[in-house]
Amino acid sequence: MTEGPQNKPRSLGRKTIRPTLKPRELVTPTPDLHGVWKARVITLFPNSFPGVLGESLTGKALQNGLWQLETVDLRDFGDGRHRNVDDTPAGGGAGMVLRPDVLGSAIEAAQSNASGRWPLIYLSPRGKPMTQGLMQRLARSDGVTLICGRFEGIDERVLAHYDIEEVSLGDFVLTGGEIAAQALIDATVRLIPGVLGNEESTQEESFSSGLLEHPQYTRPAEWKGHRIPDVLMSGHHGEIAKWRRAMSENLTRERRPDLWAKYRNDQNKD
């Protein structure tokens, strides 16, 4: 299937972040900003974007052209008068499966002008877990194309043919991949220089050093009988750093023994 006017991705960036049915050329005078990280999302529900991504710092960065978002409506590539996108599972079983011919056409349209390092990811409960390391890798890429599944999933041949990476939000099942896609985009976009404003924020938070983040406090100094730990009020930066490190280690050991074991193993290698 060739890409017609009705199949063009909707660009949500610079000038506006409101969903629109207009072609992307009418949404922004610069539909493709050179060198700007871009997320393309193949979905049956394009109106669910930008969603929470249009709020707060990610939304401001989207308006300011620090990153771009495009949705590709899978229904536009559907078969026949009713634009069918799915069919019954081969071999029988409950539910429906997204068809390879329909999804393949959408992928090829989405990837037609993708260049450089541009991963193709399917949000799937059987994929490898999302990690900070994955987000750091994606933030260093030129962009990413995300496939939001529905029903019982997608035809396995699509995954093999396009060498698609499967990624999971967690060990649970959602009705579709849109929520997981927004979580992945949010976690990646905040790593793009200029989005958070304070670059140190991404260096000191959970997982950046392999540990969970230490506890945080702010004014007032005493609240409902609870005081801020004295060391944080001491002004002794060396002692504060030691306390924060110890707290991070304690929290990781107690709450995430899997991360603690990996952290200890990495420390022993060094």
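The GluC sites (Glu not before Pro) of the stretch 106-184 that DSSP puts in a loop, and whose beta carbon has at most 16 other beta carbons within 10 Å, are 152.
At full extension, residue 56 and residue 140 could sit 28.0 nm farther apart than now, given 0.36 nm per residue minus the alpha carbon distance.
Distances between placed amide hydrogens fall under 5 Å for residue 168 paired with 124, 127, 128, 130, all partners being 5 or more residues away or on another chain.
When the convex hull of its Cα atoms is viewed from all sides, the chain shows a mean projected area of 19.0 nm².
If you plug the beta carbon distance of residue 245 and residue 34 into 1/(1 + (r/R0)^6) with R0 = 30 Å, you get a FRET efficiency near 0.15.
For the peptides 116-122, 38-44, 169-175, what is the packing order when you average, over each peptide's residues, the other Cβ atoms within 10 Å and list the highest mean first?
Per-residue Cβ counts within 10 Å, averaged per peptide and sorted highest first, yield 38-44, 116-122, 169-175.
Sequence-distant contacts, meaning Cα pairs under 8 Å at least 6 residues apart, place the relative contact order of the chain at 16 percent. Net length available on complete extension from residue 101 to residue 161 is 20.4 nm, with 0.36 nm assigned per residue and the Cα-Cα distance removed.
Helix 178-189 axis versus longest C-alpha principal axis of the chain: approximately 50°, rounded to the nearest ten. If you plug the beta carbon distance of residue 253 and residue 64 into 1/(1 + (r/R0)^6) with R0 = 35 Å, you get a FRET efficiency near 0.30. Pairs exceeding 25 Å between alpha-carbon atoms, taken from 242/262; 38/128; 38/60; 128/242: 128/242.
What does a probe at residue 209 reach in the stretch 245-270, counting residues whose amide N is under 11 Å from the point 7 Å along Cα→Cβ? Flagged as within label range: 245-250. A cut-off under 14 angstrom between Cβ atoms defines the neighbours of residue 116, and their net charge, with Lys, Arg +1 and Asp, Glu -1, is +3. For a Förster distance of 45 Å, can you work out the FRET efficiency between the beta-carbons of residue 111 and residue 270, rounded to the nearest 0.05? Result of the calculation: an efficiency of 0.70.
Where a number appears in this text, it was derived from the coordinates with a stated rule and is not lab data. Note that this is a predicted model, so its numbers are computed, not measured. Backbone-built Cβ (ideal geometry, glycine too); neighbour counts: all protein chains shown.
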